[in-house]
Amino acid sequence: MTETIQQAQENIVAEFAEFTDWEDRYARIIALGKKHPGIAEEFQTETFRVKGCQSTVHLHPKFENGIVYYEAGSDAMIVQGLIALLLRVYSGRTPEEIIRTPPDFIHQLGLTENLTMGRQNGLRAMVEQIKLYAVAFHAMGQSNQTN
Amino acid sequence: MTSTEPHHATILEPLDVQRVREDFPALHQQVNGHPLVYLDNAATAQKPRAVLDALQHYYENDNANVHRGVHMLSQRATDAYEAAREAVRAFLNVESEKEIVFVRGATEGINLVAQSFGRAFLRAGDEIVISHMEHHSNIVPWQLLCEAIGAKLRVIPINDRGELVLDDFDALLNERTRFVSILHTSNALGTVNPVEDIVRRVRAHNPEIRVLIDGCQAVQHTSVDVRALDCDFFVFSGHKLFGPTGIGVLYGRRELLEAMPPYQGGGDMIDRVSFDGSTWADLPNKFEAGTPHIAGAIGLGAAIDYVRALGIERIEARERELLAHGTAALESIPGLRLIGTAAHKTGVLSFIVDGIHPHDIGTLLDMRGIAVRVGHHCAQPVMQHFGVPATVRASLAFTNTSEELDRLAEGIRKAISMFQ
């Protein structure tokens, strides 16, 4: 199944809409976190640590044939579940797609404001970092073209 | 002050918690659809109405700058500000209000001593002793000083219950030891250190060694008599004692404060200023440059009056019961490990749960309206000692109830079940 960046967001929102209470939604996030492969140990370094998260989060980007692939993981399972959702939307996309897609779907999942504002779990910092890499790859792509 | 002296007869009566809780407006709210259970008191305490009223009253009636006005409002503001200093003096039982310096908090108090006393009286090769359980605010200021002057930091180890190893402390004291800075009660573990004994050991070794006690987690839980304690410096933060944020206290022995150079320059701390040089105001103004946090000090005075009226002994008795109840409730949860099991503890329940990150526990507890702290609690060396990156910490105040601790235990059990 290959979803577009738009479909990925819509599908995630639809999947979460089936849950009637918060415990089911969080159980789903935890399950996603457990299933998520995390990030290779070689990238669990200070260079790839996302600052501003209370739990430890690492994010590594790879740029291949005009597409950005992210690997990311956390030691906290709820955060790792959120990472799984973010990567489903943002990984395997072009820099342009990543740059122009705000993480609006997060707010439509029925999680608490506390969780979705992302100050505690670093959600905001992660999205920022994902976008920063995309901006850098976008600039690289353009300079390659002009060369 | 006499009206707020706790009456002896009332000390023996237990605290009427339901009535006392009515004094704290912030406790009566819903969080995520549940009544708030506030268990983050070691980070900051909620404020009683008496403190909020004092702040409001000051700004509505007496607001003016202190110490240099001839007009009525300035005199009233000065009187209220200095009455708060007197309340602190009596609370700590120190000799003179000149020994009470208002600072932003314990952190600023320690930095003031490290920078002013440390730079003036410590030399390269001198040794400063702290402990493995210190808050970062009692580590980093000394590291900065050591870097600047070439002094050396020595650390008292802790055991696996989270208690100081006092035999090792004796061994650390030597002819180069000049300063000892120790917390009274650990924010991360709840350990209450035998501070009187520590001061005695230092004095026996060499009466010239100066001792600072960080009372941040002590003054809201137990009575502290600084004169009996016989330390040279004592700090605490107002906001953990039910007062406003941004106000704290540094007590310093008068002859030491007299000998120390100013920490910051500015208004209010001078005697005379000219371009040839300036002379300093008397204590404590020498260390209070600029317009102080007048409202904060007045609020802190109100908080002290409130606590003394309730009776710190009654508070202590109440919290002892709560801690016992909470400890038993948490110990009954399979897979939960308490971090910090000292024989002498105050109301801190720091713990980890097998296979579940503290951050996840904290997030799921918040969904049930239960506010705890998750993280290293500004005490990373403590976390390193116990081999954990973080803990969940529930920290108590006398306003908590056993039912709230049962809700905490129930919340933890439910969080664990979500991971199975």
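Observations
- Checking every residue in segment B:171-181 against the condition of being hydroxyl-bearing (Ser, Thr, Tyr) and under 21 Å from B:Leu396 (Cβ atoms) gives zero matches.
- Checking each residue of segment A:19-32 against the condition of being within 22 Å of B:Asp360 (Cα to Cα), surrounded by fewer than 18 Cβ atoms within 10 Å (Cβ to Cβ), in contact (Cβ under 8 Å) with a residue 60 or more places away in the chain and of a type in the set (Gly, Ala, Ser) gives no match.
- Cβ pairs under 8 Å, 6+ apart, first in segment A:126-140 and in contact (Cβ under 8 Å) with a residue 12 or more places away in the chain, second among the β-branched types (Val, Ile, Thr) and in a helix (DSSP H, G or I): A:Met126/A:Ile83; A:Ile130/A:Ile98; A:Lys131/A:Ile98; A:Lys131/A:Ile99; A:Ala134/A:Ile98; A:Ala134/A:Ile99; A:Val135/A:Ile99; A:His138/A:Ile99
- Restricting the first member to segment A:69-84 and to residues that are more than 7 Å from every other protein chain (Cβ to nearest Cβ) and in contact (Cβ under 8 Å) with a residue 40 or more places away in the chain, and the second to residues that are assigned to a helix (DSSP H, G or I) and of a type in the set (Gly, Ala, Ser), the beta-carbon pairs closer than 7 Å and six or more apart or on different chains are A:Gln80/A:Gly33; A:Gly81/A:Gly33; A:Ala84/A:Gly33.
- Total residues in segment B:51-80 satisfying the condition of being under 29 Å from B:Glu22 (Cβ atoms) and not β-branched (Val, Ile, Thr): the figure is 13.
- Check on B:Ala151, surrounded by 15 or more Cβ atoms within 10 Å (Cβ to Cβ), assigned by TED's automatic domain parsing to the domain that holds B:Ala106 and touching a residue at least 12 places away in the same chain (Cβ under 8 Å): yes
- Checked against the criterion of being more than 30 Å from B:Thr177 (Cβ to Cβ) and touching a Gly at 6+ places or on another chain (Cβ under 7 Å), segment B:60-80 contains one or more residues that satisfy it.
- Residues in segment B:166-186 that are in contact with a Lys or Arg (Cβ under 8 Å, 6 or more places away or on another chain) and crowded, with 23+ Cβ neighbours inside 10 Å: 2 in all.
- Residue within segment B:276-285 that is under 18 Å from B:Leu212 (Cα atoms), in a strand (DSSP E or B) and not assigned by TED's automatic domain parsing to the domain that holds B:Ala397 present: no
- Selected residue (criterion: nearest to A:Ile5 (Cα to Cα)) from residues of segment A:51-68 that are surrounded by 20 or more Cβ atoms within 10 Å (Cβ to Cβ) and among the β-branched types (Val, Ile, Thr): A:Val68
- Which listed residue, of B:Ala397, B:Ala371, B:Ala342, is at pLDDT 95 or above, closer than 30 Å to B:Asn138 by Cβ and within 14 Å of chain A (Cβ to nearest Cβ): B:Ala371
- A:Glu46, sole failed condition from (1) in contact (Cβ under 8 Å) with a residue 40 or more places away in the chain; (2) loosely packed, with under 15 Cβ neighbours inside 10 Å: (1)
- With respect to the stated conditions, B:Asp225 fails to be touching a helix residue (DSSP H, G or I) at 6+ places or on another chain (Cβ under 6 Å), surrounded by fewer than 22 Cβ atoms within 10 Å (Cβ to Cβ) and closer than 22 Å to B:Val202 by Cα.
- Filter pass, A:Ile29 being within 12 Å of chain B (Cβ to nearest Cβ) and in contact with a Gly (Cβ under 9 Å, 6 or more places away or on another chain): yes
- Boolean, B:Glu108 is within 15 Å of the chain's Cα centre (by Cα), in the same structural domain as B:Met260 (by TED's automatic domain parsing) and not β-branched (Val, Ile, Thr): yes
Table: residues versus (1) surrounded by fewer than 21 Cβ atoms within 10 Å (Cβ to Cβ); (2) in contact with a Phe, Trp or Tyr (Cβ under 6 Å, 6 or more places away or on another chain).
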residue: B:Val113; (1), (2): no, yes
residue: B:Phe121; (1), (2): yes, no
residue: B:Ile128; (1), (2): no, yes
residue: B:Leu164; (1), (2): no, no
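- If you go through segment A:85-113 and keep only what is away from chain B (no Cβ under 13 Å) and either in contact with a strand residue (DSSP E or B) (Cβ under 7 Å, 6 or more places away or on another chain) or assigned to a loop (DSSP other than H, G, I, E, B) (or both), you end up with A:Leu87, A:Tyr90, A:Ser91, A:Gly92, A:Arg93, A:Thr94, A:Pro95, A:Ile98, A:Thr101, A:Pro102, A:Pro103, A:Leu109.
- Against the numbered list (1) assigned to a strand (DSSP E or B); (2) within 14 Å of chain B (Cβ to nearest Cβ), A:His60 comes up short only at (2).
- Some residue of segment B:284-298 being touching a His at 6+ places or on another chain (Cβ under 8 Å) and of a type in the set (Ser, Thr, Tyr): no
- One residue stands out in segment B:20-39 among those that are modelled with pLDDT under 95 and surrounded by fewer than 17 Cβ atoms within 10 Å (Cβ to Cβ): the one that is farthest from B:Lys240 (Cα to Cα), namely B:Gly33.
- Tally of residues being crowded, with 22+ Cβ neighbours inside 10 Å and farther than 19 Å from B:Gly299 by Cα across segment B:71-110: 2
- Among the residues of segment B:79-96, just one is hydroxyl-bearing (Ser, Thr, Tyr) and closer than 20 Å to B:Thr291 by Cβ, namely B:Tyr81.
- All told, A:Ala72 meets the bar of being out of contact with any Cys (no Cβ under 6 Å at 6 or more places or on another chain) and buried (at least 21 other Cβ atoms within 10 Å of the Cβ).
The values are calculated or read from the model by the stated rules, or taken from the named source; none is laboratory data. Fair warning: this is a prediction, and the values are worked out from it, not measured in the lab. Backbone-built Cβ (ideal geometry, glycine too); neighbour counts: all protein chains shown.
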